[in-house]
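Every read-out reported here was derived from the displayed coordinates using simple, explicitly stated rules and does not represent laboratory data. Computed from a prediction, not measured in an experiment: that's the story for all the values here. As a convention, Cβ positions derive from the backbone with ideal geometry for all residues, glycine included, and neighbour counts pool all protein chains shown.
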Amino acid sequence: MPDSTYTPPKVWTWDQESGGKFANINRPIAGATHEQALKVGKHPLQLYSLATPNGVKVTVLLEELLEAGIQAAEYDAWLINIMEGHQFSSGFVEINPNSKIPALLDNSTTPPTRVFESGAILLYLAEKFGKFIPTDPAGRTECLNWLFWQMGSAPLLGGGFGHFYAYAPEKFEYAINRYTMEVKRQLDVLDRQLSEYTYIAGDHYSIADMAIWPWYGALVKNEVYEAAEFISAHEYPHIHRWADMIAARPAVKRGRIVNKAWGELHEQLHERHAASDFVNKTQDKLDNS
Ligand SMILES: N[C@@H](CCC(=O)N[C@@H](CS)C(=O)NCC(=O)O)C(=O)O
């Protein structure tokens, strides 16, 4: 058994020097830290986000809706830099009291509708536009099964495995073992499902794929946590087949770079306000102009 030298005190107190990649933004209290209104663009849908896996779910869906010819899905995507604490502005907290990206404001309704939690945003948009969610009860239920599977499972991948394997200031064998076991089990769940079906929830591409791909597709393709070798990603061939198929979709290629503020300059579109921004406003174009 790993040796532990830490004995929890009777009452936990906030140690602001606890270390770790996200130590400067982690806090034990909710609410705004500063007054700052959110910017608002001309489109009905205002998205406040960042291209983390949770953010990419939503920009992929919005681009898929536009690709399907639904002009009412036009949106402005504003960059929320979580490392700089933008999620704690008064404007952001008004639309997401939980201070996490992504958050959406639908100005086409009266009054405007706020939507937070990526799963709720996917469901809201899929229902609003009648796309990427089956309408028959059995198909819809299976789609929701996998959407909610993702919402419950991914915190164990991100907050558990990713945190302790990639971000924690020290490596703890107990924590890494525990979460690697769970994540490999989750990957096996997906691999078995995808050995039987083309897409996660059956024969049709849906919001379940859009929720799961940015996390588990990225994991097996070594795009998050640099952990593909560690978790033996080659053991999940059906996830690889599916991940390649999703990644090849034009809307996915666009959606994954919206609100991205790291990586290759041509794959960073900090803000998105028009389709032409993918051609003219990526960081390589802006830096050269
Ligand atoms: N369950 C939420 C999780 C969202 C989430 O964890 N967002 C992270 C980035 S991926 C965030 O905004 N973190 C900022 C913070 O923790 O202060 C969802 O799916 O929308």
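What the table shows:
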read-out: Extension gain from ASN98 to MET83, taking 0.36 nm per residue of separation minus the Cα-Cα distance; value: 3.8 nm
read-out: Gain in span if fully extended, ASN177 to THR5, counting 0.36 nm per residue against the direct Cα distance; value: 60.1 nm
read-out: Value of relative contact order over segment 137-249, rounded to a whole percent, pairs C-alpha under 8 Å and six or more apart; value: 28
read-out: Cut-off 20 Å, label 7 Å out along Cα→Cβ of SER90, residues of segment 105-133 by amide N; value: 105, 112, 114
read-out: Separation of the LYS131 and ARG192 label points, Cα + 7 Å toward Cβ, nm; value: 3.4
read-out: Label-reachable residues, segment 216-248, where backbone N falls under 17 Å from a point 7 Å from GLU67's Cα toward its Cβ; value: 217-218, 241-248
read-out: Kirkwood-Stokes translational diffusion coefficient of the chain, alpha-carbon pairs, 25 °C, 0.890 mPa s, µm²/s; value: 122
read-out: Estimated inter-spin distance, ALA120 and ALA32, nm [label 7 Å along Cα→Cβ]; value: 1.9
read-out: Spacing of the two label points (7 Å from each Cα toward its C-beta) at LEU265 and LYS253, in nm; value: 2.1
read-out: Whole-Å semi-axes of segment 137-249's equivalent ellipsoid (Cα gyration tensor); value: 25, 15, 11
read-out: Per-residue [θ]222 nm for the chain (sum of -39500 (n - 2.57) over DSSP H runs n ≥ 4, rounded to 500); value: -11500 deg cm²/dmol
read-out: Test item: Cα-centred dipole of the chain, Lys/Arg +1 and Asp/Glu -1 on Cβ, debye; value: 360
read-out: Nearest-0.05 FRET efficiency for ASN145 and TRP12, computed from C-beta distance (R0 45 Å); value: 0.80
